Amino acid sequence: MHYKAFLFFIFFTSSELKSQIVVDPGEMVAVKISTCPDIKNKEIFFYTFNNIEYAIIPSPFSKNSRVIKSYCIPIKINKKDFGESRITILDVSKVNLSEEDSQRAYKESQLIKESLNSYSTDIKPSLKFISPVDGIISSRYGKQRYINDQPRSPHLALDIAAAEGTEIIAPAPGKVILVGDFFYSGNYLILDHGLGLLSSYSHMSKIHVQAGDYLKQSDIIGEVGSTGRVTGPHLHWSVYLEKKRINPESLIAENFFEKLFN
Ligand SMILES: [Zn+2]
């Protein structure tokens, strides 16, 4: 390569690297406010780390590579193969729903959606999450789901299997905003961690909190169970940021802060 062409190549590739953020689907992304002042006007999650202020935004799940241009800096989402998961639900009435169950499931999904759209400013969100339950990961985020060989939506949550009755704790401080017994999710609750960061807990055998409770990290919220549509006792744990489901496993990874604020 000609010397000047080589210099141009170096300049081009390095400036290209800086002009976009590259990330896997389902991760949190930290955008420096100084590089993106307009972001300040948005109703999103701001976080200060080492005296630098960041906007914390989600990279949504995506099967293919794509670029998000809703912020001043483009965010390129990598194509990632999350694999697949095939499960068998023996109770076919929970797979091919009756008219009555289908209406119930629809009403519940609307109620859940409404709660998940919450944006509250009375809680300052923490990013120091811990695992909500001591168990074995039985299904990871992003897997293409097949239920009784029928393709379904990807699994955008983390399943942690543990014995029935194992305690489930709040992985971070939050407010309980919805508690109920739902068709798919069984005994279910949603925690609001503030500024558009929320999490939900499904299939519990028991719930130990009520809507409106403010919880500290590690407060007991319930027990592992197999209520709703399940194959065995486990916690189905979802985390939402700006209404997008993100990968809960990343939040509890040891290198989470290094990766987010690299
Ligand atoms: Zn699950």
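Which residue is farthest from K128 (Cα to Cα), if the candidates are limited to the stretch 218-262 and must be part of a loop (DSSP other than H, G, I, E, B) and free of Cβ contacts under 8 Å to residues at least 40 places away in the same chain? Of everything passing the filter in the stretch 218-262, N262 is farthest from K128 (Cα to Cα). Filtered by the rule that a residue be within 13 Å of the ligand (Cβ to nearest atom) and within 24 Å of K128 (Cβ to Cβ), the stretch 184-203 gives S200, Y201, S202.
Just one of the listed residues (V224, V176, V230) is within 11 Å of the ligand (Cβ to nearest atom) and crowded, with 19+ Cβ neighbours inside 10 Å, and it is V230. Out of (1) without any contact (Cβ under 8 Å) to a residue 40 or more places away in the chain; (2) more than 17 Å from the chain's Cα centre (by Cα); (3) in a loop (DSSP other than H, G, I, E, B), the odd one out for Y106 is which? Evaluating Y106 over (1) without any contact (Cβ under 8 Å) to a residue 40 or more places away in the chain; (2) more than 17 Å from the chain's Cα centre (by Cα); (3) in a loop (DSSP other than H, G, I, E, B) leaves (3) as the failure. The residues of the stretch 154-177 that are over 30 Å from T121 (Cβ atoms), under 17 Å from the mean Cα position of the chain (by Cα) and either of a type in the set (V, I, T) or part of a loop (DSSP other than H, G, I, E, B) (or both), listed by number, are P154, I160. Applying the set (1) closer than 24 Å to F82 by Cβ; (2) touching a strand residue (DSSP E or B) at 6+ places or on another chain (Cβ under 9 Å) to E254 leaves exactly one unmet item: (2). Taking the conditions (1) in contact with a Lys or Arg (Cβ under 6 Å, 6 or more places away or on another chain); (2) surrounded by fewer than 14 Cβ atoms within 10 Å (Cβ to Cβ); (3) hydrophobic (A, V, I, L, M, F, W, C) in turn, F82 satisfies each one other than (2).
Values quoted throughout were computed directly from the atomic coordinates according to the rules given, and no laboratory measurement underlies them. This one's a predicted model, so the numbers in the text were calculated from it and none came from an experiment. A quick note on method: Cβ atoms are made from the backbone with ideal geometry, for glycine too, and the neighbour counts reach across all protein chains shown.
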